[in-house]
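Only the coordinates and a few stated rules stand behind these numbers; no lab work does. All figures in this text were calculated on a predicted structure; none of them were measured in a lab. As a convention, Cβ positions derive from the backbone with ideal geometry for all residues, glycine included, and neighbour counts pool all protein chains shown.
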Protein chains: 2
Amino acid sequence: MKRTKSSVIPSSVVRRLTEYLAYAQTFGNENGDQWVSSREIAQALGLTSSTVRQDLSHIDFCGISKRGYHVKGLRAVLEDTLGANSVWRVAVVGAGNLGMAIAQNDEFRERGFHIIGVFDKDAAKVGRSVGPLKVQHVSAMPDFVSGEGIDIGIVAVPAAAAQGVADLLIASGVRGILNLSLSHIITPRRVQVVEARLTCSLLELSHRIKYARKENK
Amino acid sequence: MKRTKSSVIPSSVVRRLTEYLAYAQTFGNENGDQWVSSREIAQALGLTSSTVRQDLSHIDFCGISKRGYHVKGLRAVLEDTLGANSVWRVAVVGAGNLGMAIAQNDEFRERGFHIIGVFDKDAAKVGRSVGPLKVQHVSAMPDFVSGEGIDIGIVAVPAAAAQGVADLLIASGVRGILNLSLSHIITPRRVQVVEARLTCSLLELSHRIKYARKENK
DNA sequence: CCTTTGCTGTGAAAAGTTTGACACCCGTCA
DNA sequence: TGACGGGTGTCAAACTTTTCACAGCAAAGG
């Protein structure tokens with residue numbers, strides 16, 4: 001009922017907030033008033049209702065007894081908290097399979113991440129079309145990033161090149177980096193990094209599969 | 001010096017083990033004896049040396065004083081622990097941008113994840129080439145999965161279709177699922193799931209950017 | 001009006017994770 | 001050889017995250 005925390009939100013919580021938002025977005029867009037309880041959210045996402053309530057206590061939004069949370073309101077607050085209602089200007093570096101797939105993916109644009117530049121080192125790839133864009137050479141990136149006011153850089157290059165690319169992005173004024181490469185990237189504190197590695201996720205999965213066998217018998 | 005834990009490894013640790021492996025793999029393949037200390041690993045990955053030592057205490061591998069860890073040995077043990085030395089038979093469902101990019105990505109094959117089937121619901125996509133493969137219609141998936149002994153299914157379809165696809169995969173005998181879709185997937189305990197959502201990572205990043213500003217001033 | 005019921009917000013306990021501290025070990029160099 | 005320095009493995013403390021338990025509120029139905 002108070003809900004005036006608004007201090008820093010732990011990142012374990014932030015990660016779940018992104019899922020709550022995805023869940024809230026699955027409800028129709030136009031409809032009138034829908035309500036959802038912490039128990040329902042928990043069930044849909046494989047959590048406990050307690051965790052959900054605790055998490056939501058970090059944002060400035062109250063549920064009401066016997067009804068739960070107003071879906072539309074919840075969604076709006078989550079979008080605000082997560083910056084999903086802003087427009088972010090994004091550049092992708094690395095026009096390999098993954099980079100191209102990301103650049104062409106509409107899901108990001110729908111959520112406010114506008115990809116407006118794609119870069120690669122390989123001359124053979126420069127000039128290729130990516131939706132309405134064309135792949136540019138990496139050497140054009142710094143000017144582009146600072147000129148266009150890019151907020152976020154997505155690093156989709158081989159591990160060995162990742163830190164170099166990141167340094168360029170940072171020097172050009174990017175505020176955050178999504179690192180898809182296998183190597184860890186070091187940044188000054190003012191530049192945020194989130195790492196997302198499919199290979200690591202697959203390895204985690206394969207470990208779990210291997211291990212689950214032993215456990216189940 | 002004892003190192004006979006071998007009970008269950010917490011998943012926070014497993015996630016880092018995948019990164020240690022990626023790091024160990026950056027060392028040349030052929031060379032003789034290289035050694036690395038917990039401090040070096042920690043520095044490269046942005047952790048503390050204590051965490052690294054604690055994590056490595058979960059696997060059956062000892063460092064030695066004054067030298068650190070033998071890179072080749074460490075790598076071998078990590079590969080074993082994570083199942084990265086096995087060959088996994090993988091099918092991708094969803095031949096959109098992301099699905100196609102994954103199916104064509106060599107990085108996975110190099111690490112033992114052999115993608116041997118790609119499926120989509122959309123008749124227009126069926127028949128397209130993906131490297132040496134061709135996209136097949138989803139209706140062919142169950143027989144293919146059980147016939148070919150697929151271990152892992154990668155779900156790269158829209159959120160609304162994800163659970164249905166997962167259910168099919170599970171019924172056909174898959175042992176693990178990598179879920180790239182925005183919706184949470186429910187599986188029986190014997191089938192492992194790892195979720196990897198680029199959109200959520202981007203949202204986490206945008207939250208951090210938004211918040212960092214406030215903090216820094 | 002009062003009672004019941006179902007759900008929230010919250011404080012505190014429990015569980016899990018990270019960090020710190022230190023005994024001990026092994027190469028190196030005098 | 002002995003002492004040093006730089007590393008490991010491990011125990012315990014500090015911190016974080018999750019779960020539990022419950023007071024209290026809001027709707028619904030007498």
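Using a 10 Å cut-off around each Cβ of peptide B:167-180, what is the average number of partner chain Cβ atoms that fall inside?
2
For segment B:1-145, what is the relative contact order in percent, using Cα pairs closer than 8 Å and at least 6 residues apart in sequence?
Averaging sequence separation for qualifying contacts and normalising by length gives 18 percent for segment B:1-145.
If we hang a label 7 Å off Cα along the beta carbon direction at A:S129, how far is it from the matching labels on the other copies, in nm, shortest first?
Those label-point separations list as 2.1 nm.
One decimal, nm, shortest first: give the distances between the label point of A:I116 and those of the same position in the other copies, each label point 7 Å from Cα along Cα→Cβ.
For A:I116, the other copies' label points sit at 4.7 nm, shortest first.
Around B:V130, which amide H atoms from residues at least 5 apart in sequence, or from another chain, sit under 5 Å from its own amide H, with H modelled in the peptide plane?
B:V135
What residues qualify as long-range amide H neighbours of B:V193, i.e. H under 5 Å apart, gap of 5 or more or another chain, H built at 1.01 Å from N?
Close amide H contacts, sequence-distant or interchain: B:I177.
Would you mind computing, in nm to one decimal, how far apart the modelled labels at B:Q54 and B:S86 are, each placed 7 Å from Cα along Cα→Cβ?
It works out to 2.9 nm between the two label points.
What Kirkwood hydrodynamic radius do you get for segment B:88-200 when you take the inverse of the mean 1/r over all pairs of distinct Cα atoms, in Å?
Over segment B:88-200, the inverse of the mean reciprocal pair distance is 13.7 Å.
Considering the rotation that carries chain B onto chain A, locate the chain B residue whose Cβ comes closest to its axis and report the distance in whole Å.
B:A101, 2
Copy-to-copy spacing for B:N29, label 7 Å out on the Cα-to-C-beta vector, in nm, shortest first?
The projected label point of B:N29 is separated from its counterparts by 4.8 nm.
Starting from the coordinates of the alpha-carbon atoms of the protein assembly as shown, obtain the Kirkwood hydrodynamic radius over all distinct pairs and give the value in Å to one decimal.
Roughly 23.0 Å, rounded to one decimal.
Can you give me the orientation-averaged projected area of the convex hull built on the Cα atoms of chain A, in nm²?
Reported value for the Cα convex hull: 15.5 nm².
Counting helices only, and only those DSSP H runs with n ≥ 4, report the 222 nm mean residue ellipticity of the protein assembly as shown as the sum of -39,500 (n - 2.57) divided by its residues, in deg cm²/dmol to the nearest 500.
-13500 deg cm²/dmol
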